[in-house]
Structure formats: structure tokens, C-alpha cells
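Only one structure is covered here, and it is reproduced in the block below.
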Amino acid sequence: MRKQKGFSLIELLIVVAIILIIASMAIPNLLRARMSANEASAVGAVRTLNTAQISYNSAYPTVGYAATLGALGGAACAPPNSTSACLIDTQLASGTKNGYTFTLSGVTGTPAATYEVIAAPTLPNQTGVRYFCSFADAVVRGAVSAITTCDTSITPLQ
């Protein structure tokens, strides 16, 4: 009887089982890291929206703050105007970015003296677990439950 070279079926199954065990430990950590990255991106986007609103208010003082995300964004930027200021990228202006949905509301007055930005995870517990908001004071606030109105009762981020 000749001796065959190679791995037996049992040896291959043991290696596959070990790989599956390691993968089952790594995937939850990967998902948590992805949620954390989405949340960090959402905070950055809210800060960007605050900066854009301040710039918009300075550039168009008779209008005040922008009433829509589309007014802060825009595709026709030659020259920018109050309906297409080109201060934020088109993806953020669409209202969805990196697993979060952004809404701009509470724009009141003539000129508009207030605004409110709320960032909510598109798929809670999958794309993120925290909600973020900001208003005209430009402080980013966060909560673990859904935010309907952004006010000073919501904890500011450190």
C-alpha cells in the first residue's frame, strides 16, 4: 500500500471550524466599529451643517438661516445664491449620509433667526444607536433615544 500525501478530511474540517470560530468573534466587533464610525461621521456632518448655516447667514443676511438642506448644497454654483449656496456636498444636501438621515427644521422668522438639525440612524441598532442634534447655538447634542426637538435639555457632546 502506497502512502498518500495531503490532509485528511478530519484535519480540513478542524481547520474550517477554527476559522469559523475566529470569524464569529470578529464580526460583532466589526459591526460595532462600523456603527461607531457612522456615529462619528454623523457628528461631523452636524458640525458641518452648523458651519454652513453660519456662513449662509453671513452671506445672505436678508434671508437669515437656510430653510432646506438643498439651499445649503446645490449643483449650480456659478455663482452661488440663496437657493444654491454650495456650502455642503450634494450627498449631505440629499439628507442621507453614512447610515444617518439629516433633517433641517425649525427655520422661523424673516430673516430666519433659528434652525434645528437632527441626525437619526437610518436603521437603529444597525447603522448607529445614538441620535444627534444642534440648533443656532452650534452645540452638538446627543441622546440614545429618538430626538423630536433639539433643546438645551439634551446632553451636549464632550
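For Thr68, nonlocal amide neighbours, meaning residues 5 or more places apart or on other chains whose placed amide H falls under 5 Å from its own, do not occur.
The ellipsoid that matches the Cα gyration tensor of the range 96-139 has semi-axes, each √(5λ) in whole angstrom, of 25, 10, 6, with the longest given first.
With helices as the sole contributors, the chain gives -13000 deg cm²/dmol at 222 nm; each DSSP H run of n ≥ 4 counts as -39500 (n - 2.57), and the sum is divided by every residue. Surface composition of the chain: carbon and sulfur atoms hold 63% of the protein heavy-atom accessible area at a 1.4 Å probe. Take the convex hull of the alpha carbons in the range 37-110; its mean projected area over all directions comes to 4.6 nm². Dipole of the chain (Lys/Arg Cβ +1, Asp/Glu Cβ -1, origin at the Cα centre): which of Ile19, Gly95, Ala75 lies farthest to the positive side? About the Cα centre, the residue reaching furthest to the positive side is Ile19. Taking only alpha carbon atoms, the chain gives an Rg to Rh ratio of 1.31, where Rh is the Kirkwood radius. 3J(HN,Hα) along the range 117-125, derived from phi through the Karplus expression 6.51 cos²θ - 1.76 cosθ + 1.60 where θ = phi - 60°, amounts to 10, 10, 10, 10, x, 4, 10, x, 6 Hz, with x in place of Gly and Pro. Taking amide H as placed 1.01 Å from N in the peptide plane, Thr101 has its amide H under 5 Å from the amide H of Ala120, Thr122, each at least 5 places away in sequence or on another chain.
Distance between the pseudo-spin-label points of Arg47 and Ala138 (7 Å out from Cα toward the beta carbon): 1.2 nm.
Less than 5 angstrom separates the built amide H of Gly128 from those of Leu123, all sequence-distant by 5 or more or on a different chain. The alpha-carbon positions of the range 1-51 define a convex hull whose volume is 65 Å³ per residue.
Could you tell me which of Leu104, Pro124, Thr152 has its Cα farthest along the dipole of the chain towards the positive end, charges placed at Cβ (Lys, Arg +1; Asp, Glu -1), taken about the Cα centre? The Cα lying farthest towards the positive end belongs to Pro124.
The values are calculated or read from the model by the stated rules, or taken from the named source; none is laboratory data. Nothing here was measured: the structure is a model prediction, and the numbers come from that model. Positions of Cβ are backbone-derived with ideal geometry, glycine not excepted, and every protein chain shown enters the neighbour counts. Each accessible area value is taken on the protein alone, full model and side chains, heavy atoms only, with ligands, DNA and RNA left out. Shrake-Rupley method; radii C 1.70, N 1.55, O 1.52, S 1.80 Å.
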